[in-house]
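Input: a single structure, listed below in structure tokens.
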Amino acid sequence: MLQLKKAERQKVKLKIGLSGASGFGKTYSALLLAYGMVNDWSKIAVIDTENKSASLYSHLGDYNVIELQSPFTPERYTEAIKVCENAGIELIIIDSISHEWEGKGGCLEIHAELGGQFNHWAKVTPRHSAFIQSILQSTCHIITTVRRKQDYDMVKNDKGKTEPVKVGLKEVTREGFEYELTVNLELMNENHLVKCSKDRTSLFDKRPEFIITSEIGKELINWANSGKDIVKELELKINECKTYEELTQLWAENTQLQTNKQIIALFQTVSKKLKVPETKNQKEVTNE
């Protein structure tokens, strides 16, 4: 049943995008941002698709690394995310997601191998979408780095001839990804200056170009933790349930948390303690 309720901001797991051309400092900036957010290198993991580039900054601290080699299928990325979650990692850096789109074994190659026709996207898109959902629904904070490359458009010049014209730097991933993020940051040049192109936090409103430091990470995590802790609230409600019917009703009313591993585990534990009502068939068997 649809219900009207007051809007209130909740605690969130941040999903941050960091894009830039090669050499602009994506990996280093992501690590500084990550440390500012969790303040513990051991709770940070890098899914490294960039030929061990993440290990070049190991002098910063004892963070964890998963070296992901080709094929860069959506499923292998999702598997790496799950490994990090199961290990108790608090923040995952995926460096980079561009390989999932145009790397060896990535979505563009999968599409080409199917025949490259438009209708073949019907088989590729669900796989890519599942990967995106594994990021958005993760129990960890996630920073994704994305390559940018020069994009061109074909336009007619003043002589009527068609020629390529530079139209800016384009992210190497499926269009629209940044709209799913909490914050999207763009590295502008080799001096590591950043501008914010998407911001749900309002932390970067009217802020001029800046350089990423751990202090920026602290700002972001303070914002994320200032909301209402709905997971903790639901845990208390689950533990207060007196009957199985009450527990299942609570579960049905909180669909947005049904992918949370903490909630699932607690629900299963409490449901075992409560008496499950017998069905009609079970009663007949018992009477016999």
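The values are calculated or read from the model by the stated rules, or taken from the named source; none is laboratory data. Small disclaimer: the values here were computed from a predicted structure and weren't measured. Neighbour counts are summed over all protein chains in view; Cβ atoms, including those assigned to glycine, are modelled from backbone coordinates with ideal geometry.
Report yes if Arg200 is under 20 Å from the mean Cα position of the chain (by Cα), modelled with pLDDT of 90 or more and within 18 Å of Asp95 (Cβ to Cβ), otherwise no.
Working: under 20 Å from the mean Cα position of the chain (by Cα): yes; modelled with pLDDT of 90 or more: yes; within 18 Å of Asp95 (Cβ to Cβ): no.
Against the criterion (under 20 Å from the mean Cα position of the chain (by Cα), modelled with pLDDT of 90 or more and within 18 Å of Asp95 (Cβ to Cβ)), Arg200 does not qualify.
From the residues in region 154-171 that are surrounded by 10 or more Cβ atoms within 10 Å (Cβ to Cβ) and acidic (Asp, Glu), which one is modelled with the lowest pLDDT?
The extreme case among them is Glu163.
Matching residues to (1) in contact with a Ser or Thr (Cβ under 8 Å, 6 or more places away or on another chain); (2) assigned to a helix (DSSP H, G or I):
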position	(1), (2)
Ser19	yes, no
Ser55	no, yes
Thr78	yes, yes
Lys82	yes, yes
His99	yes, yes
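Which is of a type outside the set (Lys, Arg), assigned by TED's automatic domain parsing to the domain that holds Thr201 and surrounded by 14 or more Cβ atoms within 10 Å (Cβ to Cβ), of Leu68, Leu56? It would help to see each step written out before you state the result.
On the way: Leu56 fails: surrounded by 14 or more Cβ atoms within 10 Å (Cβ to Cβ).
When all the criteria are applied, what remains is Leu68.
Working carefully through the options Glu235, Glu240, find the one that is within 21 Å of Glu85 (Cβ to Cβ), of a type in the set (D, E, K, R) and at pLDDT 75 or above. Before the answer, list the steps.
On the way: Glu240 fails: within 21 Å of Glu85 (Cβ to Cβ).
Checking each option against the conditions leaves just Glu235.
Could you please give the count of residues in region 175-186 that are in contact (Cβ under 8 Å) with a residue 60 or more places away in the chain and either surrounded by fewer than 17 Cβ atoms within 10 Å (Cβ to Cβ) or farther than 26 Å from Ser134 by Cα (or both)?
First, pick out the residues of region 175-186 that are in contact (Cβ under 8 Å) with a residue 60 or more places away in the chain: 177-178, 180-186.
From the residues that got through so far, the ones that are either surrounded by fewer than 17 Cβ atoms within 10 Å (Cβ to Cβ) or farther than 26 Å from Ser134 by Cα (or both) too are 180.
Number satisfying all stated conditions: 1.
One residue is enough: does region 68-78 have a residue meeting the conditions modelled with pLDDT of 95 or more and among the small types (Gly, Ala, Ser)?
The answer is no; no qualifying residue exists.
Within region 264-282, is there a residue that is out of contact with any strand residue (DSSP E or B) (no Cβ under 9 Å at 6 or more places or on another chain), closer than 23 Å to Glu90 by Cβ, modelled with pLDDT of 70 or more and not in a helix (DSSP H, G or I)?
no
List pairs: first in region 90-119 and modelled with pLDDT of 95 or more, second among the aromatic types (Phe, Trp, Tyr) and surrounded by fewer than 19 Cβ atoms within 10 Å (Cβ to Cβ), Cβ under 8 Å, 6+ apart or cross-chain?
Sorted first by the residue in region 90-119, then by its partner, the pairs are His111/Trp121.
Is it the case, given these coordinates, that Thr27 is under 25 Å from Met188 (Cα atoms) and touching a Ser or Thr at 6+ places or on another chain (Cβ under 8 Å)? Please lay out each step first, then the result.
Working: under 25 Å from Met188 (Cα atoms): yes; touching a Ser or Thr at 6+ places or on another chain (Cβ under 8 Å): yes.
Considered against the rule, which asks whether it is under 25 Å from Met188 (Cα atoms) and touching a Ser or Thr at 6+ places or on another chain (Cβ under 8 Å), Thr27 comes out as yes.
Return a yes/no flag: does region 23-38 have any residue that is among the hydroxyl-bearing types (Ser, Thr, Tyr), in a loop (DSSP other than H, G, I, E, B) and closer than 17 Å to Thr173 by Cβ. Lay out the reasoning, then the answer.
The first filter runs over region 23-38 and keeps only residues among the hydroxyl-bearing types (Ser, Thr, Tyr), leaving 27-29, 35.
Next cut, in a loop (DSSP other than H, G, I, E, B) only: none.
No, every residue in region 23-38 fails to be among the hydroxyl-bearing types (Ser, Thr, Tyr), in a loop (DSSP other than H, G, I, E, B) and closer than 17 Å to Thr173 by Cβ.
Find all pairs meeting these conditions: Cβ atoms under 7 angstrom apart; at least six residues apart or on different chains; first residue within region 187-212 and surrounded by 14 or more Cβ atoms within 10 Å (Cβ to Cβ); second residue part of a loop (DSSP other than H, G, I, E, B) and of a type in the set (Gly, Ala, Ser).
Leu187/Gly25; His192/Gly25
I need the full set of residues from region 80-106 which are under 13 Å from the mean Cα position of the chain (by Cα), surrounded by fewer than 22 Cβ atoms within 10 Å (Cβ to Cβ) and farther than 24 Å from Glu175 by Cβ, in order please.
Looking only at region 80-106, we keep the residues that are under 13 Å from the mean Cα position of the chain (by Cα), and these are 80-82, 84-85, 90-97.
Still in the list and also surrounded by fewer than 22 Cβ atoms within 10 Å (Cβ to Cβ): 80, 82, 85, 90.
Across region 80-106, the qualifying residues are Lys82, Glu85, Glu90.
Within region 120-131, which residues are among the basic types (Lys, Arg) and touching a residue at least 24 places away in the same chain (Cβ under 8 Å)? Can you show your working first?
So the first thing to find is which residues in region 120-131 are among the basic types (Lys, Arg), and the list is 123, 127.
Listed by number, the list holds a single entry, Arg127.
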